[in-house]
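Below: the structure, in structure tokens.
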Amino acid sequence: MKLKINVLISIVASVSMLLSACGAAQATPDAAAIATAAALTVEARFTQQAAAATQTPPPPSETPLPAATETQGFPPTATTEAGLPTPTPNGKPCYQMTFVADVTIPDGMIVAPGSKFTKTWRVRNDGNCPWDQKYTMQLAQGDAMSTITSIPLTKVVSPGDTVDLSIDLTAPTAEGTYTGYWHLATPYGGYIGVGSYNQALIVKIQATSKPDLAFGAASVTYDYTRQPQTGCTEKGAYYIFTAIITANGPGDIRYRWDKNPDDGQPEGGLLKFAAAGSKTVTWTWHMTTDHVQGIDRWVSITTIIDSKITNFGRVKFNFTCD
């Protein structure tokens, strides 16, 4: 530091002598005073820099930081807690519902506008958990036809039991077709539908003031069995077809069995309905070893009401003796 101060004093003295030699009119400043001031300024600057470089941080606050607290979560709920479904060691699911029948109001039934009716489904608890009074029938979507859309069960339905689920409804005053989709809600936030895909229970009506013009088959469902189940006897094989024909009101429905390839006269009959409901019809197609094998075949029901002809889908199969 002293070396730098001496250099600065020499520079200031040289400048003063130069000004004096040039005959400047101004008064010559005191070189010693300038040197002293410069030395003090330089020393002060270095002192500040040294202080800044060596300044120590303030001691930490005496107030300790708050200690980390463990997050408080909900403990896992044991499945054996009272009221909750229990594990299913037998492999069956806890919840499974099977549709048995429409006890009242088959799909598409004719109902007078504004009239009251009760829809009843018969279902079976094929799961491994009971349904009690905390389970409720709830409207999932569609037409409510009621101001009450949540109805609790009235009794416990144990696994394997069959129960009738009923809801009181009122047909809209405007004519048209109305459909409501309902399911059984659990007290744990889920719901139970029909089958493995949890399909909704359906109530479907046709509100009309002219039932004679709207009468018809609301639906047709098929099934069939084969005898023998595989292979053929010397007589071939028999396919027994079943169709459930549902009418939406009282009246007569003429029907026929159609088939492809058509190798004979169609068979059928006449069904008389005193009210809305369902009737089952059967027909057997005898396939001999002379029939062409390995081709697609189908069977269907066609209804004839006055001059109106309606075909209801097809049942497809492939006949072979292999």
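Bear in mind these aren't lab numbers, they're just calculated from the coordinates by the rules spelled out. All figures in this text were calculated on a predicted structure; none of them were measured in a lab. Here the Cβ positions follow ideal geometry from the backbone for every residue, glycine too, while neighbour counts run over all protein chains shown.
If you take the residues in the stretch 294-322 that are in contact with a strand residue (DSSP E or B) (Cβ under 9 Å, 6 or more places away or on another chain) and among the basic types (Lys, Arg), which one is nearest to Ile245 (Cα to Cα)? Filtering first and then ranking leaves Arg314. Taken over the stretch 128-139, the residue count meeting the criterion of being in contact (Cβ under 8 Å) with a residue 24 or more places away in the chain and either exposed (fewer than 13 other Cβ atoms within 10 Å of the Cβ) or over 30 Å from Ala174 (Cα atoms) (or both) is 7.
Against the numbered list (1) in contact (Cβ under 8 Å) with a residue 60 or more places away in the chain; (2) farther than 22 Å from Gly249 by Cα; (3) surrounded by 14 or more Cβ atoms within 10 Å (Cβ to Cβ), Arg297 comes up short only at (1).
Selection within the stretch 264-293: residues that are surrounded by 14 or more Cβ atoms within 10 Å (Cβ to Cβ) and among the aliphatic types (A, V, I, L, M). The member of this set that is nearest to Met109 (Cα to Cα) is Ala276. The set of residues from the stretch 140-171 being more than 17 Å from Leu201 (Cα to Cα) and either touching a residue at least 24 places away in the same chain (Cβ under 8 Å) or surrounded by 16 or more Cβ atoms within 10 Å (Cβ to Cβ) (or both) comprises Val156, Val157, Ser158, Pro159, Gly160, Asp161, Thr170, Ala171.
Among the residues of the stretch 129-184, just one is part of a loop (DSSP other than H, G, I, E, B) and among the aromatic types (Phe, Trp, Tyr), namely Tyr135.
Which one is farthest from Ser219 (Cα to Cα) among residues in the stretch 185-206 that are part of a loop (DSSP other than H, G, I, E, B) and of a type in the set (Phe, Trp, Tyr)? Per the criteria, the residue is Tyr188.
For the stretch 200-240, which positions are more than 19 Å from Val292 (Cβ to Cβ), surrounded by 18 or more Cβ atoms within 10 Å (Cβ to Cβ) and over 30 Å from the mean Cα position of the chain (by Cα)? Within the stretch 200-240, Ala207, Thr208, Phe215, Gly216, Ala217 meet the criteria.
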